[in-house]
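Okay, structure first, notes after.
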Amino acid sequence: MNNVVESRCGILCTECEFKESMGCKGCVNIDDPFWGECPVKASCEGKSLEHCGQCVEFPCELLNSFAYDEKQGDGGRRIKQCEKWGR
Ligand code: SF4
Ligand code: SF4
């Protein structure tokens, strides 16, 4: 079981293809992601939370729209991961 918080939204950066190809350290470890601004990261860090699962609004509309996005989503997998990380 993976208890290390790897992202704000619940994506597992250790399984991401860009980790190696882009040398990405994961969104919790960087201020300016190479892919541009992420509203989830900004929202989460703005509330001084480690990840979305700690938020009173979890899982909010924004997070849901990312998680269930037809092209970029993961069918809600990241939300489940936030639940695993817990509060
Ligand atoms: S979508 Fe945003 S919060 Fe999720 S891993 Fe990427 S930068 Fe982090
Ligand atoms: S669950 Fe939504 S409101 Fe809460 S930190 Fe994440 S993106 Fe922001």
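The relative contact order of the chain, computed from alpha carbon pairs under 8 Å that lie at least 6 residues apart in sequence, is 35 percent.
Rounded to the nearest 20, the Cβ-based charge dipole of segment 13-85 about its Cα centre (Lys and Arg +1, Asp and Glu -1) stands at 200 debye. The GluC sites (Glu not before Pro) found in the chain that occupy coil by DSSP, while having at most 11 further C-beta atoms within 10 Å, are 17, 37, 57, 70. When you filter the chymotrypsin sites (Phe, Trp or Tyr not before Pro) in segment 17-87 for DSSP loop state and at most 11 other Cβ atoms inside 10 Å of their Cβ, you are left with 34, 35.
Spherically averaged projected area of the convex hull of Cα atoms, the chain: 5.5 nm².
A short reminder: the numbers here are calculations on the coordinates, not readings from a lab. Quick caveat, the model's predicted, so the values are computed rather than measured. Please note: Cβ atoms are built from the backbone with ideal geometry, for glycine as well, and neighbour counts cover all protein chains shown.
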